[in-house]
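The values are calculated or read from the model by the stated rules, or taken from the named source; none is laboratory data. It should be emphasised that the depicted structure is a prediction, and the values quoted were computed from it without experimental measurement. Cβ sites come from the backbone with ideal geometry, for glycine too, and all protein chains shown count toward neighbours.
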Amino acid sequence: MFDRPGADTRAVLVSLNLGEPGYTESTEELVQLAQSARLDPRIVLRGRRQRPDPALFAGSGKVDEIAAALLEHKAGLVIFNHELSPAQERNLEKRLQVRVVDRVSLILDIFAQRARSHEGKLQVELAQLEHLATRLVRGWSHLERQKGGIGMRGPGETQLETDRRLLGKRVKVLKDKLARHASQRDVQRRARRRANLLSVSIVGYTNAGKSTLFNALTRSAAYAADQLFATLDTTTRRIFLENAGQVVISDTVGFIRELPHTLVAAFRATLEEAVQADLLLHIVDASSPMRAEQIAAVNAVLAEIGASDLPQVLVYNKIDLCDDSARVERDEYGKISAVRISAQTGAGLDLLRLTLEESAAETRASVARFAAA
């Protein structure tokens, strides 16, 4: 039986073109993800297929090419820019005799490295265990062999059954703890609503500049870096606007295309900050050629967590990188629909504060109308 090593950081990346849009950008994103996971990507192997191979995802010829690249670059890790089935992952590892990781596992590993708060760590562990559960059930048939789990195994249980039972218990413990955290946040949100404070959530594609903007607006020092998923833990601060009083702003985890459903589910409690907000500031990297696709990816996750109908303002950030100018765009009703800024240089931040002031006035007016009715 192949023993799965995990220490080698030298990686061969594999990205196959299956005819889906955004292949080049998705491949570049894979390199960024690998670097964000503190890995050393040695080469990116590309190829075209009409459909994945049921057993190996890539064809036999491509797998031979991967094996040759592993030898040439002295690498001990293969990363696929796709979601592999448990059987495909197992078959590739047997064939290549190295650790094979898919896109989902890579993102989970980055989250595990970046989580700082107690709740963030619980959420990552839950996502990892739920991902592992599919591997236990469908992939790792060697675990069915009887092993000596003295004091752990129930009557007549195989090792796989024991693993499932213990994993299920841990998942339940994590969900109970996360539910308590969610309840505490709900109490805090109700207190803010009683104080009639505008609640704003900053959402957007990973590395769009959300934390840099959050720091610029709140004059705080939340961690910000030019890398994917620099921020995992939701941070909330109050700011004072001259014509609107206090406003509560929350910085949330960045989104990405094909964000694993286990992560969306595990981070649902944190993302509730977005669901419960009065206004979403949807941060977009104005310099990215894939900004339209990134906007669509963020909106897809917002729809999944029930936040698609919330008022939203597009904030085109990084205008300093694309020779754009700071300005406000309004819709046919005169409401601000988009703002162009640079969180790095500060250009347009006054226009963004104007946006928040208008939204605060609108929210308070609607609350007054509801109370009068």
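Tell me, yes or no, whether the range 53-65 has at least one residue that is in contact (Cβ under 8 Å) with a residue 24 or more places away in the chain and at positive phi.
Looking for residues that are in contact (Cβ under 8 Å) with a residue 24 or more places away in the chain and at positive phi, one finds at least one in the range 53-65, hence yes.
In the range 2-9, is there at least one residue being surrounded by fewer than 16 Cβ atoms within 10 Å (Cβ to Cβ), modelled with pLDDT under 85 and touching a Leu at 6+ places or on another chain (Cβ under 6 Å)? Steps first, answer last, please.
Step one: list which residues in the range 2-9 are surrounded by fewer than 16 Cβ atoms within 10 Å (Cβ to Cβ), which gives 2-9.
Subset that is modelled with pLDDT under 85: 2-8.
Checking the rest, the ones that are also touching a Leu at 6+ places or on another chain (Cβ under 6 Å) come to 8.
Among the residues of the range 2-9, at least one is surrounded by fewer than 16 Cβ atoms within 10 Å (Cβ to Cβ), modelled with pLDDT under 85 and touching a Leu at 6+ places or on another chain (Cβ under 6 Å), which makes the answer yes.
State the number of residues belonging to the range 71-87 that are under 20 Å from Gln32 (Cα atoms) and touching a strand residue (DSSP E or B) at 6+ places or on another chain (Cβ under 8 Å).
From the range 71-87, those under 20 Å from Gln32 (Cα atoms) are 73, 75-84; that's our starting set.
Then drop every residue that is not touching a strand residue (DSSP E or B) at 6+ places or on another chain (Cβ under 8 Å), which leaves 73, 75-82, 84.
Residues that pass the stated criteria total 10.
For Ala338, which of the numbered conditions (1) touching a helix residue (DSSP H, G or I) at 6+ places or on another chain (Cβ under 7 Å); (2) free of Cβ contacts under 8 Å to residues at least 60 places away in the same chain fails to hold?
It fails just one condition, (1).
For the range 1-106, which fully contained helices (runs of 4 or more DSSP H) count at least 3 residues that are within 27 Å of Tyr205 (Cβ to Cβ) and not assigned by TED's automatic domain parsing to the domain that holds Pro289?
Working: elements: 23-36, 60-72, 86-96.
Ranges flagged: 23-36.
Out of (1) farther than 20 Å from Ser250 by Cα; (2) modelled with pLDDT of 90 or more; (3) in contact with a helix residue (DSSP H, G or I) (Cβ under 9 Å, 6 or more places away or on another chain); (4) surrounded by fewer than 16 Cβ atoms within 10 Å (Cβ to Cβ), what's the single condition that is false for Gly346?
The failed condition is (1).
For Arg90, are the conditions met, namely being over 24 Å from the mean Cα position of the chain (by Cα), surrounded by 18 or more Cβ atoms within 10 Å (Cβ to Cβ) and modelled with pLDDT of 80 or more?
On the way: over 24 Å from the mean Cα position of the chain (by Cα): yes; surrounded by 18 or more Cβ atoms within 10 Å (Cβ to Cβ): yes; modelled with pLDDT of 80 or more: yes.
So Arg90 passes the test.
Counting only residues that are touching a Lys or Arg at 6+ places or on another chain (Cβ under 7 Å) and part of a loop (DSSP other than H, G, I, E, B), which one in the range 287-324 is farthest from Leu351 (Cα to Cα)?
Ile305
Picking from Thr231, Thr262, Thr206, which residue would you name as being modelled with pLDDT of 75 or more, buried (at least 16 other Cβ atoms within 10 Å of the Cβ), under 16 Å from the mean Cα position of the chain (by Cα) and within 23 Å of Arg38 (Cα to Cα)?
Details: Thr231 fails: modelled with pLDDT of 75 or more; Thr262 fails: modelled with pLDDT of 75 or more.
Only one candidate passes the filter, namely Thr206.
What number goes with the only condition from (1) under 13 Å from Leu13 (Cα atoms); (2) of a type in the set (A, V, I, L, M); (3) surrounded by 18 or more Cβ atoms within 10 Å (Cβ to Cβ) that Ala67 does not pass?
The one condition Ala67 does not meet is (3).
Can you give me the number of residues within the range 95-120 that are modelled with pLDDT under 80 and surrounded by 17 or more Cβ atoms within 10 Å (Cβ to Cβ)? Please lay out each step first, then the result.
The initial filter retains those residues of the range 95-120 that are modelled with pLDDT under 80, namely 111-120.
From what's left, surrounded by 17 or more Cβ atoms within 10 Å (Cβ to Cβ): 111, 114-115, 119-120.
So the count comes out to 5.
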